[in-house]
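Each remark here refers to the structure printed beneath this line.
We did not get these values from a lab; they are worked out from the coordinates using the rules stated. The structure presented is a predicted model; accordingly, all values stated were derived computationally and were not measured. Reconstructed Cβ throughout: ideal geometry from the backbone, glycine too, with neighbour counts over all protein chains shown.
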Amino acid sequence: MNYNLKDFDLIKNSFINMENNTPLLYSKTIVHVLNEYEEIFSNTPFSNYELLNYKNLDPDYYPIDQANISEERVKLLVNRLVSINFQDIDTFAMFLRSDIERLFYFELEDYICPNCGSEGGGEVLLTRYEGYSPLAFLCLACSYSRFLRGGKPEGYVTFVPLTTEELKEYGYL
């Protein structure tokens with residue numbers, strides 16, 4: 001499917017028309033947009049960012065409130081997103097992916113990436129590899145990831161954010 005400026009504007013209007021700027025509403029709007037415009041998000045450049053991996057997430061089950069993102073910050077993120085021009089649709093996809101990571105993933109504040117030394121500040125996230133139960137980390141600064149206890153699955157992996165219940169079960173909340 002080829003998308004056009006009208007489609008892009010409809011997507012952006014979903015964010016512009018949000019009733020408020022809470023992180024929970026923003027995350028719900030993202031998931032709604034991914035589902036409403038699934039056909040568009042299944043094509044490049046959106047598919048390059050694997051955004052549809054997140055279309056089935058229910059924000060009510062994730063630690064959105066633990067993301068430490070204020071309503072003012074959400075407003076800035078939304079304004080940044082909707083100010084992107086159609087010609088820069090790749091940037092839109094990249095920012096949307098970044099916002100998903102900020103909202104749905106739990107930050108490991110005291111964990112230092114063994115690859116690049118990044119720590120906290122939203123750079124190191126707690127995750128799981130799809131199909132695996134051990135916890136893992138993902139460094140957003142250098143894209144390095146491993147199980148927390150070492151090792152990594154072979155081949156391509158998809159990252160899965162942990163639900164609030166899982167984070168409680170593992171003692172992170």
FRET efficiency for Glu39 and Ser143 from the Cβ-Cβ distance with R0 = 35 Å, rounded to 0.05, comes out at 0.80
If you take the beta carbon distance between Glu130 and Val82 as r and set R0 to 25 Å, what does 1/(1 + (r/R0)^6) give as a FRET efficiency, to the nearest 0.05?
0.20
With only Lys, Arg, Asp and Glu charged, each at its Cβ (+1 for the first two, -1 for the last two), find how big the charge dipole of the chain is about the Cα centre; round to the nearest 20 debye.
240 debye
With mean projected area of the Cα convex hull in nm² defined as stated, name the option among (i) 10.2; (ii) 15.0; (iii) 18.3 computed from the structure displayed.
(i)
Histogram of C-alpha separations across segment 84-173, 10 Å bin width, %
16, 46, 29, 8, 1
